[in-house]
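I have placed the structure first, in the form of structure tokens, so that the comments after it can refer back to it.
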Amino acid sequence: MTNASPNPTPWFVDFQDVWLAYNEELLQQNHFAVEAIDLKVRQGEFIAIVGPSGCGKSTFMKLTTGLKMPSMGKILIDGQPVTGPLKISGMAFQAPSLLPWRTTVDNVLLPLEIVEPYRSSFKAKRKEYVERARHLLQKVGLGGYEDKFPWQLSGGMQQRASICRALIHEPKMLLLDEPFGALDAFTREELWCILRDLWTEQRFNVILVTHDLRESVFLADTVYVMSKSPGRFVVKRDIELARPRDLEVTYTKEFSDIVHELRGHIGAIRQTGAVVSA
């Protein structure tokens, strides 16, 4: 496991001409899942990645967390080269994947049981960690549900618990892969606001992969558009909407114009596969 030390540069995430082929045979054929990824993300920045299905968004996430090593290029996270799975990151996916035999609070505690340095002190500090988990659950509106089992929670509640589990070990970076995609529109917007508030308070880095352009514009500082496979970043769009953002901003012309602009880029990519802009 890799644990990065304090970052001596302004870049928390630094991809330097990164290419990935999934095996040696594909590499020999020059068949890449992602190619020529150059990306620099500042400390505490919230970015979103959008693009057509199968473009390499999830592959990019695996590279960022050290679950995949690049075929070519270099990745630095928090100033250190990525050589294996990172301990400083938390992840949440579209499916909450809570363990059905564990209560909500025990599901949230899971990373502290398996990730060092928490694992070795878990038994001795369990009471402190339980308090931390309960406090986090209350922040996301799950006060009173801490001792319920997953089957007693709605889909939105389960996803809140999943986000708490990703944040319980206080990671420097949160990676979210379509976390709200399976939820209804009202629950999704509710969770946008919860994520916004957690990020505003703690300022961890966030990388959000989503198909929801409204979600990307509402939450992110910067939105990146990926091309069709092999994926590369072809559009970088800074979101200059004032923070803090309330849901009312999603009804403004300024917001809608950005969403339509991004939709146009993705539509052009789907039709031609050509690079739109850098």
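Toward the positive end of the charge dipole of the chain, with +1 on the Cβ of Lys and Arg and -1 on the Cβ of Asp and Glu, the farthest Cα among T252, G54, N205 is that of N205. The C-alpha atoms of the chain define a longest principal axis, and helix 155-167 lies at about 90 degrees to it. Only Lys, Arg, Asp and Glu carry charge here, each on its Cβ (+1 for the first two, -1 for the last two); on that basis the chain has a dipole of about 520 debye about its Cα centre.
At 0.36 nm per residue, minus the direct Cα-Cα distance, what do K253 and L110 gain on full extension? Give it in nm, one decimal, please.
47.2 nm
Give, rounded to the nearest 20 debye, the magnitude of the charge dipole that the stretch 1-149 has about its Cα centre when Lys and Arg contribute +1 at Cβ and Asp and Glu contribute -1 at Cβ.
620 debye
Going by the alpha-carbon gyration tensor, a ≥ b ≥ c the square roots of its eigenvalues, is the stretch 171-251 rounded (a/c under 1.5) or, if a/c is not under 1.5, prolate (a/b greater than b/c) versus oblate? Rounded.
Tell me, F218, F186, F204 in order of fewest to most beta-carbon neighbours within 10 Å? With the fewest neighbours first, F218, F186, F204 line up as F186, F204, F218.
Only residues of the stretch 229-251 count here: report those whose backbone N is under 15 Å from the spot 7 Å along Cα→Cβ of T272, or say none. Label zone hits: 234-235. When the listed pairs K87/K123; K87/K127; K87/K236; K57/K139; K57/K253; K74/K228 are checked against a 25 Å cut-off, the alpha-carbon distance exceeds it for K87/K236; K57/K139; K57/K253. For the chain, the residue among T83, Q16, L174 whose Cα projects farthest onto the positive side of the dipole built from Cβ charges is T83. Under 12 Å of direct C-alpha separation, and excluding same-chain neighbours fewer than eight residues apart, K40 reaches these aspartates and glutamates: D14, D17, D78.
Phi-derived couplings, Karplus 6.51 cos²θ - 1.76 cosθ + 1.60 at θ = phi - 60°, listed residue by residue for the stretch 143-153: x, x, 10, 4, 9, 7, 8, x, 5, 8, 10 Hz, with x used for Gly and Pro. GluC sites (Glu not before Pro), restricted to the stretch 134-214: which are DSSP loop and have at most 16 other Cβ atoms within 10 Å? Counting only loop positions with at most 16 other Cβ atoms within 10 Å, none of the GluC sites (Glu not before Pro) in the stretch 134-214 qualifies. Here the simple spin-label model places points 7 Å from the Cα toward Cβ, and for K148 and L241 these points are separated by 3.0 nm. Sequence-distant or interchain residues sharing an amide H contact under 5 Å with L174, placed H: which? So L174 has HN proximity to G90, N205, V206, I207.
Maximal additional length on extending the K139-C193 stretch stands at 18.3 nm, based on 0.36 nm per residue less the C-alpha distance. Phi-derived couplings, Karplus 6.51 cos²θ - 1.76 cosθ + 1.60 at θ = phi - 60°, listed residue by residue for the stretch 118-125: 6, 4, 5, 10, 4, 4, 5, 10 Hz, with x used for Gly and Pro. Around E35, under 10 Å between beta carbons, what's the net of Lys plus Arg minus Asp minus Glu among the other residues? Summing Lys and Arg as +1 and Asp and Glu as -1 gives 0. Here's the picture: charge each Lys and Arg Cβ at +1 and each Asp and Glu Cβ at -1 in the stretch 85-226, and of S121, Q152, L195 the one pushed furthest to the positive end of that dipole is S121. Sorting C55, C193 by the number of Cβ atoms found within 10 Å of their own Cβ, with the fewest placed first, yields C193, C55. Per residue, the chain reaches -12000 deg cm²/dmol at 222 nm when only DSSP H runs of four or more residues are counted, each adding -39500 (n - 2.57). The C-alpha atoms of the chain define a longest principal axis, and helix 253-272 lies at about 60 degrees to it.
Since every read-out is calculated from the coordinates, none of them should be taken as a lab result. None of these values were measured; they are calculated from a predicted model. Glycine gets a Cβ as well: all are built from the backbone with ideal geometry, and neighbour counts include every protein chain shown.
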